[in-house]
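A.B. asks: Okay, here's the structure, questions in a sec.
The values are calculated or read from the model by the stated rules, or taken from the named source; none is laboratory data. Predicted, not measured: the structure shown is a model, and the values here were computed from it. Here the Cβ is made from the backbone with ideal geometry for all residues, glycine too, and neighbour counts use every protein chain on show. What goes into the accessible areas is simple: the full protein's heavy atoms, side chains included, and nothing from ligands, DNA or RNA. Shrake-Rupley method; radii C 1.70, N 1.55, O 1.52, S 1.80 Å.
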Amino acid sequence: MTDAAVLCNAGKIISVGKTRDALKDPWIKKNKRRLTEIDCGGRVVLPGFVDSHTHPAFAAPRLVDFEKRIAGATYEEIAEAGGGIRSSLAGVRGAGKAQLSKEVLKALHIFAAHGTTTVEAKSGYGLSLAAELKSLEAIRSAAGEWPGTVASTLLGAHVVPPESHGRADDYVKLVCEEMIPQVAKRGLATSVDVFCERAAFTEDQSLKILAVARSHGLSVRAHVSQLTRTSLKRLLAFQPLSLDHLDFVDDNDIRLLANSNTVATLVPGANYFLGLQEYPPARKLIDGGAAVALATDYNPGTSPTANMSFVLSLACTQMKMTPAEAISAGTINGAWALGLADRKGSLEPGKDADLAIFDVTDYREIAYWFGSHLCKQVIANGVPITPTGK
Ligand code: NIG
Ligand code: FE
């Protein structure tokens, strides 16, 4: 829509429409003096991005892994040699809660600078009861200092930590009998995630974790079919909000997804950063009727970016999504993937006042000017955030 206006009050959207109609709104007439006007002057205004898959609770980048991959090693080879997820554990276990929270908050400001107002944030680099709880507490404390919205996820089942090497089932027991109950009791997360993959957790172990999570009233989601295929049938029985990565889905999986309420969350930033030639089959998923979301997968191993516009660009150039599909996938479909579609992901009266203003005149430019920083200003829950995050 051109010449549009979004009217917001007390953190909510009141109306969306033409400026001339907004000006006729009785509330405006009555409250003219209390009004703050942000002139978007021909720019594009979108609902703030909903980044529905991120891992911000880590202490340091993994630059050694980065260089090893450049030299030819694969993600799995690096993990087997002691790098990968396990090499992020020491930093998180050794960090104080305040330090970790500072790292998360720093990331949240960068997300906002790129137009993101809702972020899903996973634990998963502590992998002990204490360090997972600390990670979720750090996320909660950072979220309290950020005007946007954070949905927290327990990813205690990211990989088996070194002290449980060869005893994966014992570690799954710890996740099921201690981590999930404590997290649920303390309200530290709204969902539970699991990395269902050959170097992480088997399908049976993953199903067990999802079952326990559901029995504690938590939503579930899973990293699945990133490196090897797992049939989605049994996972879908737990009604996950999303299944994520999905590089190796087949036609049957796509049919099952299309007939479910589960969102297929694609994270092409990981494919880009790992230097892979293949990308998740977004076209087949969309054409087959699945709901596709796009997310950054912000993490130190496979996708160190908080820039949703770049992810949208990858979706267009590498996965042949249209710019319009990519924007929907990064906003309303991300909101569905978080169970927040009633509040987030679109500019509609009654929804939270989450807006991102881009310095472009056509929405397609957001995916076109790749690697650019086009977000001029963000409003999160009615609060303006300066784009530098300072
Ligand atoms: O989504 N696949 C599992 N988890 C992350 C990577 C985590 C890491 O390497 O630190 C992902 O790609
Ligand atoms: Fe991930």
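A.B. asks: Within the P(r) computed for the chain, what percentage of the Cα pairs occupies the region above 41 Å? It would help to have the intermediate numbers written out before the result.
C.D. replies: On the way: 8564 of 75855 pairs.
When all Cα pairs of the chain are counted, 11 percent exceed 41 Å.
A.B. asks: Do any trypsin sites (Lys or Arg not before Pro) in region 187-280 lie in a loop, going by DSSP, with at most 13 other beta-carbon atoms within 10 Å of their beta carbon, and if so which? Kindly include the intermediate steps, with their values, before the conclusion.
C.D. replies: Details: sites: 198, 208, 214, 221, 229, 233, 234, 255; in loops: 198, 229.
Here the trypsin sites (Lys or Arg not before Pro) that fit, given the DSSP loop and packing criteria, are 198.
A.B. asks: Okay, moving on. Would you mind checking which residues have amide H under 5 Å from residue 242's amide H? H placed 1.01 Å from N; only 5 or more apart, or other chain.
C.D. replies: 222, 263
A.B. asks: If every alpha-carbon in region 143-284 counts as one equal scatterer, what log10 I(q)/I(0) does Debye give at q = 0.10, 0.18 1/Å?
C.D. replies: Taken in order of the listed q values, log10 I(q)/I(0) reads -0.35, -1.07.
A.B. asks: Could you tell me the accessible area of residue 196 in Å² (1.4 Å probe, neighbours in place), rounded to the nearest ten?
C.D. replies: For residue 196, solvent-accessible area is about 0 Å².
A.B. asks: If you don't mind, there's one more thing I want to ask. Among 109, 216, 165, whose mean-square fluctuation peaks in a Gaussian network model of the chain (Cα, cutoff 10 Å)?
C.D. replies: Taking springs between Cα atoms under 10 Å, the residue moving most is 165.
A.B. asks: If you don't mind, there's one more thing I want to ask. Assuming a ≥ b ≥ c are the square roots of the Cα gyration tensor eigenvalues, decide whether region 294-353 counts as rounded (a/c under 1.5), prolate (otherwise, with a/b larger than b/c) or oblate. Please report the intermediate quantities before stating the final value.
C.D. replies: On the way: a/c = 2.61, a/b = 1.50, b/c = 1.74.
Verdict is oblate for region 294-353.
A.B. asks: If you find the alpha carbon centre of region 203-265 and of region 72-111, how far apart are they in angstrom?
C.D. replies: 25 Å
A.B. asks: If you don't mind, another one. Using Stokes-Einstein with the Kirkwood hydrodynamic radius over Cα pairs, what translational diffusion coefficient do you get for region 80-215 at 4 °C and a viscosity of 1.567 mPa s, in µm²/s rounded to a whole number?
C.D. replies: Working: Rh = 15.2 Å.
Reported coefficient: 85 µm²/s.
A.B. asks: Among the listed pairs 344/376; 97/344; 102/351; 29/106, which have their C-alpha atoms separated by more than 31 angstrom in this model? Don't skip to the end; give the middle numbers.
C.D. replies: Details: 344/376 20 Å; 97/344 29 Å; 102/351 29 Å; 29/106 40 Å.
In this structure, 29/106 lie more than 31 Å apart at Cα.
A.B. asks: I would also like to ask the following. Expressed as cubic angstrom per residue, what is the convex hull volume of the alpha carbon set of region 175-232? Could the numbers behind the result be given before it?
C.D. replies: On the way: hull volume 4.3 nm³, N = 58.
About 74 Å³ per residue, rounded to a whole number.
A.B. asks: Would you mind calculating the relative contact order of region 187-292 from Cα pairs under 8 angstrom and at least 6 residues apart, reporting the percent as a whole number?
C.D. replies: Values: 181 pairs, mean separation 22.5, N = 106.
Result for region 187-292 is 21 percent.
A.B. asks: OK, next. If you average the alpha carbon positions of region 154-181 and of region 301-368, how far apart do those two centres end up, in angstrom?
C.D. replies: 34 Å
A.B. asks: Show 102, 351 ordered by accessible area, largest first, where the area counts protein heavy atoms only and the probe is 1.4 Å.
C.D. replies: Working: 102 150, 351 15 Å².
So the residues, ranked largest to smallest area, are 102, 351.
A.B. asks: Here's something else I'd like to know. Of all DSSP beta bridges located in region 2-150, what percent are antiparallel, nearest 5?
C.D. replies: Details: 6 of 11 bridges.
The antiparallel proportion sits near 55 percent.
A.B. asks: Mind checking which of 285, 139, 239 is farthest towards the positive end of region 49-337's charge dipole, using Cβ charges of +1 (Lys, Arg) and -1 (Asp, Glu) about the Cα centre?
C.D. replies: 139
A.B. asks: Once you place label points 7 Å from the Cα toward the Cβ at residue 43 and residue 73, how far apart are they in nm?
C.D. replies: 4.3 nm
A.B. asks: Restricting to Cα pairs below 8 Å that are 6+ residues apart, what does the relative contact order work out to for the chain? Please round to a whole percent. Intermediate results must be reported in sequence, preceding the final value.
C.D. replies: On the way: 858 pairs, mean separation 84.9, N = 390.
Normalised by residue count, the contact order of the chain is 22 percent.
A.B. asks: Only bridges with both residues in the chain count here: give the DSSP antiparallel percent, nearest 5.
C.D. replies: Taking every DSSP beta bridge within the chain, about 40 percent pair in antiparallel fashion.
A.B. asks: Select from 253, 170, 354 the residue whose mean-square fluctuation is largest in a Gaussian network model of the chain (Cα-Cα springs shorter than 10 Å).
C.D. replies: Answer for the Gaussian network model of the chain: 170.
A.B. asks: Express the accessible area of the chain per residue in Å², computed with a 1.4 Å probe while the remaining protein chains stay in the model. Before the final figure, lay out the partial values.
C.D. replies: Values: 16760 Å² over 390 residues.
For the chain, the solvent-accessible area averages 43 Å² per residue.
A.B. asks: Go ahead and set up a Gaussian network model of the chain, Cα springs under 10 Å, then flag whichever of 134, 24, 97 fluctuates most.
C.D. replies: Answer for the Gaussian network model of the chain: 24.
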